[in-house]
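The values are calculated or read from the model by the stated rules, or taken from the named source; none is laboratory data. Nothing here was measured: the structure is a model prediction, and the numbers come from that model. Here Cβ is always computed from backbone atoms with ideal geometry, including for glycine, and neighbour counts include all displayed protein chains.
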Amino acid sequence: MKESSILTRWERRTQAPLLVFAVAFAVAYAVPIVAPDADPAVHRACTYAEWAVWGAFAFDYLVRLALARDRKQFVRSHWLDLAAVVLPLVQPLRLLRLVATLLLVGRRARMAPQIRLTTYVAGAVVGLLMFGSLAVLSVERDAPEGNIKNLGDAVWWSFTTMTTVGYGDHSPTTGLGRVLAVGLMLSGIALLGVVTANIAAWFIARFERDDRAERLQLAALQELQAEVRALRAEVARLGGPAADVPGPPPGAPAPRAASAPTP
């Protein structure tokens, strides 16, 4: 229990710094792609920043692994975190550093109770659009037959791909670019399904809440009617003899109240 509480505190306290590192990674990843003619020192600094962010996430994973009570269970339940940390070490898979950061930030963000599903989905959409655009631009800009040559083309392609519209005016021609396209299409379909399911769940919950309130009102009304019937029966039982006394004939004047005797 003590280790678990320490792990929970660690995750709570490192959430904000890791999000800052993720923003730094986004800037470091975007600068060389948006400004390929920048000074080589800038490119080197961005590369160092990318690896520093990866190192921060790797350190965070190792600390959480050390604080976990059952480390084998932790590895099995956090295999995406492990894959995101290990795969970027393979130099030909440099692009997976992007996927690694998205995976780790997403998993840590879901741990925060104050982050709602809609906020997460919105963040995922923005992140996928931005990083998808940058990634496809980086691999398609120098392709001999490529038609995605600037950031505007890449953003437009990301929009049409994630929404599965696919106008076809811009499309990847390299193998890696097509892999990115498949990933964006699957992500767009998945996010659309999440949004649709979330809206449907909201409507269902609203209808169930209204139906439950209506049932409660009906039950309260029936209970009130039962109490009124019981009260009438009790009044009839207590006032039964008086009910047999005949009243004044129709049209007769109402009797006057007796006046008090004069002294």
Q: For the stretch 66-77, state whether one or more residues are out of contact with any strand residue (DSSP E or B) (no Cβ under 9 Å at 6 or more places or on another chain), within 25 Å of ALA135 (Cβ to Cβ) and outside the structural domain of GLY123 (by TED's automatic domain parsing).
A: no
**Q.** Number of positions in the stretch 181-239 that are touching a residue at least 12 places away in the same chain (Cβ under 8 Å) and outside any helix (DSSP H, G or I)
**A.** 0
Q.
For the stretch 43-58, give me the residue count where each residue is exposed (fewer than 13 other Cβ atoms within 10 Å of the Cβ) and either farther than 23 Å from TRP10 by Cβ or touching a Phe, Trp or Tyr at 6+ places or on another chain (Cβ under 6 Å) (or both).
A. 2
(Q) Quick check on my filter: what residues within the stretch 1-26 are assigned to a helix (DSSP H, G or I) and surrounded by fewer than 11 Cβ atoms within 10 Å (Cβ to Cβ)? (A) LYS2, SER5, ARG13, ALA16
Q: Would you confirm whether any residue within the stretch 134-152 is under 26 Å from ILE199 (Cβ atoms) and either modelled with pLDDT under 80 or surrounded by fewer than 17 Cβ atoms within 10 Å (Cβ to Cβ) (or both)?
A: no
Q: Residue by residue through the stretch 159-179, note down the ones that are assigned to a helix (DSSP H, G or I) and free of Cβ contacts under 8 Å to residues at least 60 places away in the same chain.
A: PHE159, THR160, THR161, MET162, GLY175, GLY177, ARG178, VAL179
Q. Is it fair to say LEU134 is in the same structural domain as ALA181 (by TED's automatic domain parsing) and in contact (Cβ under 8 Å) with a residue 60 or more places away in the chain?
A. yes
Q: Sort out which residues of the stretch 180-201 are under 15 Å from VAL136 (Cα atoms) and either loosely packed, with under 15 Cβ neighbours inside 10 Å or not assigned by TED's automatic domain parsing to the domain that holds LEU128 (or both), and write them in order of number.
A: VAL182
